[in-house]
Amino acid sequence: MSLIKAYLRDAARILELIDENAVEALLAELVGVRERGGRLFVLGVGGSAGNASHAVNDFRKLCGIEAYAPTDNVSELTARVNDDGWEATFSGWLEVSKLASRDLLLVFSVGGGDRERNVSPNLVRALEYGQSVGARLAGIVGRDGGFTARVAHACVIIPTVNRAAVTPHSEAFQGVIWHFLVSHPALQRSGMKWESERS
């Protein structure tokens, strides 16, 4: 079997294994944050930070949800890394943003954060800060979901079907899931450009 065929086969297997109930629970969290006038904060590191920025655009433009990604402000991000350390980057940003119980934190991550292994400790600290103020917590993560999956009110775990491709699969399927969510009738308020164009 070619590498291309194997990769596509793995992707098809992931689609079969994704927990529909977890996706439904995440949808409910997003509907809830909009209904109560809360804000959505999407957190990610590396490729997941790029996904967070894209998702913020979609949740704002298509769903009318006030949404933000801390990584979109590179000046503040790097100042916080320089002055306060990596672990405090997101929690400090959320504190200034006055994160509250009406808000929702949505984590995009491959591992979900693990303080003991020093993997994405800034996600762990942000979630702990979210817990301290009573914010809702959610995630789209890979592997076993790490800290995010343990504390989230709703969490979609991208199934591992190939241990050699956990990162590309996790980050790719973050996009599959959030694009489904922003096009769901319960969330979408504005039409998408190409779907509204006549052929």
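Extending 7 Å from Cα along the Cβ direction at residue 179 and again at residue 194 yields two label points whose distance is 0.8 nm.
Look at where the Cα atoms of the range 117-131 and of the range 44-76 average out, and the two centres are 18 Å apart.
Per residue, how big is the convex hull of the range 52-146 when only Cα atoms are used? Give it in Å³. Walk me through the numbers before you get to the answer.
On the way: hull volume 9.5 nm³, N = 95.
Considering the Cα atoms of the range 52-146, their hull volume per residue is 100 Å³.
Report the GluC sites (Glu not before Pro) located in the range 92-144 that are in a DSSP loop and have at most 14 other Cβ atoms inside 10 Å of their Cβ, or state none.
Numbers: sites: 95, 116, 128; in loops: 116.
For GluC sites (Glu not before Pro) across the range 92-144 that sit outside H, G, I, E and B with at most 14 neighbouring Cβ atoms in 10 Å, the list reads 116.
At a Förster radius of 41 Å, what calculated FRET efficiency corresponds to the Cβ-Cβ distance of residue 76 and residue 8, to the nearest 0.05?
Values: r = 40 Å, r/R0 = 0.97.
Working from the Cβ atoms, E equals 0.55.
Among the chymotrypsin sites (Phe, Trp or Tyr not before Pro) found in the range 12-85, not one is both in a DSSP coil and sparsely packed, with 13 or fewer other Cβ atoms within 10 Å of its Cβ.
At q = 0.12, 0.17 Å⁻¹ the log10 of I(q)/I(0) for the range 18-188 amounts to -0.47, -0.98, computed by Debye summation with a single uniform scatterer per C-alpha, solvent ignored.
Every read-out reported here was derived from the displayed coordinates using simple, explicitly stated rules and does not represent laboratory data. Note that the structure is predicted; figures quoted are calculated from it, not measured. Cβ atoms come from the backbone with ideal geometry, glycine included; neighbour counts cover every protein chain shown.
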